[in-house]
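Trainee: Below you'll find the structure I mean.
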Amino acid sequence: MSKLLTKLAITALAGSSLLAATTLAGAQSGRPNTTSMSCGQVQSLIQQRGGVVLSTGRYTFDRYVANRNFCQHGEVTQRDYVPTRDNNRCMVWRCVNPQPWRYD
């Protein structure tokens, strides 16, 4: 009887470890990465969603927008460039505070 309980405990532990690993892997791959997309795909994705958080490298990311309507009140759009599969400087827009020293 104790061998059966031991096997059951090991099976449950292995199953929970597998579930945790799967969940962790899914969370890491949830953000689109610009380096694996073409410039046109990145720009199209931003236009379709309006505003989207994109990975631009292994440890870097930012939120890019289609236009100022997707920025917070008081923010403006600023031209930025992200690396893509086919273009090192793909033009996109992001929101910035025009007066970063002023707090509302």
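Trainee: Here is a list: Val52, Val65, Val42. Which entry is under 12 Å from the mean Cα position of the chain (by Cα), within 13 Å of Trp93 (Cβ to Cβ) and crowded, with 17+ Cβ neighbours inside 10 Å?
Mentor: Val52
Trainee: Under 8 Å by Cβ, and 6 or more places apart or on different chains, what pairs join a residue from the range 67-84 that is in contact (Cβ under 8 Å) with a residue 12 or more places away in the chain with one that is of a type in the set (Ser, Thr, Tyr) and assigned to a loop (DSSP other than H, G, I, E, B)?
Mentor: Val82/Thr56; Pro83/Thr56; Thr84/Ser38
Trainee: Here's a follow-up. List the strands (runs of 3 or more DSSP E) that sit entirely inside the range 42-104 and contain at least 1 residues that are over 21 Å from Gly30 (Cα atoms) and among the charged types (D, E, K, R).
Mentor: Strands (runs of 3 or more DSSP E) meeting the threshold: 76-82.
No value in this document is a laboratory result; all are computed from the given coordinates. Here the structure is a predicted model, which is why all the values come from computation and not from measurement. When we count neighbours, we look across all protein chains shown, and the Cβ atoms used for this are built from the backbone with ideal geometry, even at glycine.
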